[in-house]
Each structure stands twice: as C-alpha cells, then as structure tokens.
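Scroll down for the structure; my scribbles are underneath it.
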Amino acid sequence: MNNELIIGKSVQPITKKEENPNVRVPSLRNITVVLPAYNEEVSIGSVVLQAKKFADRVVVVDNASSDNTVDVAKLAGAEIIRNTKHKGFDFPIQIGIEHATDSEAFLFMDISICHEPKLIPKMLEPIQKDDFDMVIGTCFSKSNRLQENVSFLNKKQMESGPVGFFVFSKKCFDILLSSPNIYISSVGTILSFAENNNLKAKHLNLEEEHTFSLFKMYKIGVVVPAYNEEVLLGETIKGIPEYVSRIYIVDDCSSDRTPEVIKSLKDSRVVSLRHEVNMGAGKSVIDGYKMALADKMDIVVVMDGDNQMDPSQMPRLLMPIIEGKADYTKGNRLITREAREGMSAWRFFGNTLLSLLTKIGSGYWDLMDPQNGYAAASRKALETIDLDSVYTYYGYVNDILIKLNAYGMRVTDVVIPARYKNEKSSINYRRYIMKVAPMLFNGFLWRLKTKYVLLSFHPLVFFYVASMALLPAGLIFDFWILVQKLMHNPVSQNYPLLGVFMTLMGAQLLFFAMFFDMQSDISKKLNQNV
C-alpha cells in the first residue's frame, strides 16, 4: 500500500455557502463525535446540538468538571462518560475509540481549542472523498508576543497551531488503541506515526476558518481615516475581512475624488463621515471611534486608507484582546531590517527617536514604533479614556498611549512588517518631532499627576521632579565652569566637584524614577494576568 503524506496544506476560508448547518457527509454512516470537556457549561450545550447535525452519536467525556457541564450536555442529548479524576485528553481518545467500534469514522474535537462544530464536515470530507485514514486539524494558536518576536528575529516560521480535531477511519482503531498518547504529540510526529503504520494521513490548517468563526462572535469595527486617498481607498476597503461588522470611513475634507470613491463603494458595512474642514488625522480617528462606540462595537481597529496595512495581519492584533491579554494592541515595524523594508533611513531614525520619547512620556517601556497607526482597541479602553482630549494631529497615537497608561490599560506590540510601495511619507520629521515633543512632555507631566498622585501615590514622582531640577542645573553649571576655565577666569576648586555631584545625582534620580516606572507597569501586567 502506498503511503500519502500531506503536510501543511491550507484550506479556503468558510463562505456563506459552507456555513449551511444542515450539511452532512452522506456516504459515511455511524459517525461518532467525542467531546472532552472540563468546566464547559457555557458552551457545551450548543456544541453538542450542532455536532448532532453531522454525527449519529455525540459522546461527552467529562474530566471531573466542577460546574454543570454534565447536566447541560445531557439536556442537549449527548451520551456522558464521567471521570472522577482529571485524566487529560489522551484518555478521552482511547475511550472514544472503544465506544466507536461500530462506527465508520470517529471524530475527536477539543472544545478548549475550537468551539466551532461547523468545521466538522470539513474534517470528514477527506475520509469521505479521498479515502484518507486520519485527518488532523490545527486551529489558530493563542498569541505569544515573545515567541512571535523571537521567531521573527530568527527568520523561522511559527509552529502550526494546536490540534483542535482528530478524525480516524475504522482502519485506525486497533492501531490507535495501542497509542492513546498520540494527542499530545506534534503534528509532525503524528504524521510520521501514520506513515510508519501505513495510514494515509492529511493535515488541514483550519486557521482561517477558525478565526472567521471566532471573530464573528464579536462586533468588530474598522476605522479608516482618509485624506486624498482616491487611488488606494477602494482597494483598502475591498481587503477588509468579512468578519468585520462595520467600516467607518472618515474623510478629512479631501480635495481629490475621495468623496466620489466613498459613494461608489458597494460594501453594505460602510458608514462614512466627512469633515467640512481639515481637522487632522487624530480627529478623524477619534470621530471613527465615537461612531464605533455608538454602535456598541466590541473591538475597533484603525487601518489607514493608503493600503499600507495588511488586513491578513488583523487577527494578530485582535487575538490578545479576545484572549484578555491586552486592552490595546498596535503594530511594530522596527524589530528587524526585513520588517521595516521600504522604510527610508531618515524615516527609521525619526521613528526610533519618537519611540524613545514616547517610552518616557507614556510609561510603556517595552513598546516600539509608536507612530504605527495599525492598532486595535477594546471597547473598555475607548470608554476609559477621554476621546475629546486626544491630540488631533498625527501625534494622536502617542497621546492615546499616554492616556491608556495613566488609567492602567494593558498595551502590547504585535510585529507586523511594513507594506510600502513607492509612496513617500508626507510627514516632515523635523517639524513633526518639534511639534509632538512638547505634547509628549505635557502628557508626561499629566500622566505622573494622574497615575501617581491622584489615582495611586508613588514616590517616583519626587525622583522625576528632583531629576528635572538637578540634571539640567548640573549640566548648565558644568558648562559654565568649562567656559570659565577656557577664559582663564578663577574658579573655586569646589565648583567642579559640586557640578559633577549635581549632574550625577540628577542622572541617578532620573534612572531610579524610570526604573520604578517600568516596575509599576510590569507589576500591573502580572497582576492582571493572574
């Protein structure tokens, strides 16, 4: 018998036709679906009811749940196998095979990874049509910013997502009963196992279908600020994924054909607003945020109308918020030369300088590329900050970070490569930094007062204030001493010692203040992730 091994083959996203809940696999009879469950009372009922549309038997293997999972599953019509002790997920596979000996196919679905039974027909299809013996379905992996960054730096592809589905034909049963721990193996190991046992195996990457079904559970809005974007706006809107509920286009008094392009859009999700006078990029985004909040959006993404922001990367911005790891996520193009490909050296220098200033101003010391406008915000974050007080120029992204930090919101970077073509930035970075730097300093002072005085007192305020007095005074005094020495004017021998003392003490106080500021942000993240 010839072995056939298909690794990493992707499937197409679910379309409306594929979402038909009455779809069955007609040529297979006696299909058994096994659902391992541990404290899944909220979702187990709907999963069982949907799974019954595609299977003859649905068996729930309860791993010593302490809630009402078993009662809800019974009411939904599932057979129950209950463990008195939690035994992991290799045990449900073994029990499931033992209960499926009279079935033609056995499907194992880990609902802790994927709650979408509509993917069951997709998993059964290779066994029905192509005579496969085993099908493994991997879903969207949970976000891990550090792992993603390390993989990007090392130019390595991320590992495939976690296994959410197993499907086995009857031919596999005896072989698998002797290898119950197959569930905890990697996809590569499972496929090698199949090859060694003359089993025809297939790997389906269900990431797109999984994310589509997951994101449809949320009301996701996209704000598109547009100023003279007649050429690329239409292409930008076409690329926005179907799981997005609303698209808010804010035309900031464009002088080209942008209004006509907006009117010609056929997408029913589009809601547009036009400024009669140019009010700035920040004002456009804030007005979009307000419309999204009025429509009760759960998550709001900002995507510029110049098509530089890749919509296929949007799930990586959304997942940390959905998983409860962040309140606001933003793109980062500065991690490697490859990630910022197409960014000019001058633009990179400007972004790096602004990153340093924004770290100090905002208190988010682990963030880079603050000018990256590709960002996602939870409704909680947008309702917490005062949108009317946000800076209306391009520096709105920096100002939002300052306000989010003052109110304890969790913000994280997501590595998203730049997507430049031949266009040039319209920002004059010298003038931009001169204009934004005072805003960052004022915002920094406001953040210290709000976060460390009004909401919760921290002595780092004294360190910052003392350093802002001592360090400049010390540097000015050192310069004065140097000038006097060059002019051969008499200077007391104690003055140089005093100047060095003032400078070093000011610098030390500044470093202490920065350290405490960093620790405050880190401890808050740790406490919120417990």
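Among the residues of the stretch 303-317, those that are surrounded by 24 or more Cβ atoms within 10 Å (Cβ to Cβ) and not in a loop (DSSP other than H, G, I, E, B) comprise M314, L317. Checking V48, V58 one by one, the residue that is crowded, with 23+ Cβ neighbours inside 10 Å, assigned to a strand (DSSP E or B), over 29 Å from the mean Cα position of the chain (by Cα) and at pLDDT 90 or above is V58 and no other. In the set G350, G363, which member is modelled with pLDDT of 90 or more, out of contact with any Leu (no Cβ under 8 Å at 6 or more places or on another chain) and either farther than 21 Å from F212 by Cα or polar (S, T, N, Q) (or both)? Only one candidate qualifies: G363.
Yes/no matrix, rows are residues, columns are (1) outside the structural domain of P311 (by TED's automatic domain parsing); (2) among the basic types (K, R):
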position: L177; (1), (2): yes, no
position: L204; (1), (2): yes, no
position: L232; (1), (2): no, no
position: E235; (1), (2): no, no
position: R246; (1), (2): no, yes
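Selection within the stretch 238-249: residues that are in contact (Cβ under 8 Å) with a residue 40 or more places away in the chain and in contact with an Asp or Glu (Cβ under 9 Å, 6 or more places away or on another chain). The member of this set that is farthest from D287 (Cα to Cα) is G239.
Looking at this structure, is S425 at pLDDT below 85, surrounded by fewer than 17 Cβ atoms within 10 Å (Cβ to Cβ) and among the polar types (S, T, N, Q)? For S425, the condition - at pLDDT below 85, surrounded by fewer than 17 Cβ atoms within 10 Å (Cβ to Cβ) and among the polar types (S, T, N, Q) - is met. Note on the stretch 481-512: among residues that are over 12 Å from L471 (Cα atoms), in a helix (DSSP H, G or I) and not hydrophobic (A, V, I, L, M, F, W, C), the one that is nearest to the chain's Cα centre (by Cα) is P496. If only one of V261, V277 is in a loop (DSSP other than H, G, I, E, B), touching a residue at least 12 places away in the same chain (Cβ under 8 Å), β-branched (V, I, T) and out of contact with any strand residue (DSSP E or B) (no Cβ under 8 Å at 6 or more places or on another chain), which one is it? V277 is the lone residue from the list that is in a loop (DSSP other than H, G, I, E, B), touching a residue at least 12 places away in the same chain (Cβ under 8 Å), β-branched (V, I, T) and out of contact with any strand residue (DSSP E or B) (no Cβ under 8 Å at 6 or more places or on another chain). What do you reckon, is R447 loosely packed, with under 13 Cβ neighbours inside 10 Å and in the same structural domain as E323 (by TED's automatic domain parsing)? Here the answer is no, as R447 does not meet what is asked. Mind checking which residues of the stretch 242-259 are among the acidic types (D, E) and over 13 Å from L232 (Cα atoms)? If the condition is that a residue be among the acidic types (D, E) and over 13 Å from L232 (Cα atoms), then E242, D251, D252 are the ones that fit.
Per-residue answers, yes or no, for (1) among the hydrophobic types (A, V, I, L, M, F, W, C); (2) more than 21 Å from L460 (Cβ to Cβ); (3) in contact (Cβ under 8 Å) with a residue 40 or more places away in the chain:
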site	(1), (2), (3)
Y364	no, no, yes
L367	yes, no, yes
A381	yes, yes, yes
G395	no, yes, yes
D399	no, yes, yes
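Every residue in the stretch 244-258 that is among the acidic types (D, E) and assigned to a loop (DSSP other than H, G, I, E, B), please. Of everything in the stretch 244-258, those that are among the acidic types (D, E) and assigned to a loop (DSSP other than H, G, I, E, B) turn out to be D252, D256.
Taking only the stretch 360-392 into account, find how many residues are among the polar types (S, T, N, Q), farther than 18 Å from R316 by Cβ and buried (at least 20 other Cβ atoms within 10 Å of the Cβ). The total comes to 2. When you scan the stretch 223-230, do you find a residue that is under 19 Å from the mean Cα position of the chain (by Cα) and either modelled with pLDDT of 85 or more or buried (at least 23 other Cβ atoms within 10 Å of the Cβ) (or both), even just one? Yes: one or more hits.
The values are calculated or read from the model by the stated rules, or taken from the named source; none is laboratory data. This is a predicted model, so every value here is computed, not measured. All Cβ positions, glycine included, derive from the backbone under ideal geometry; neighbour counts span all protein chains shown.
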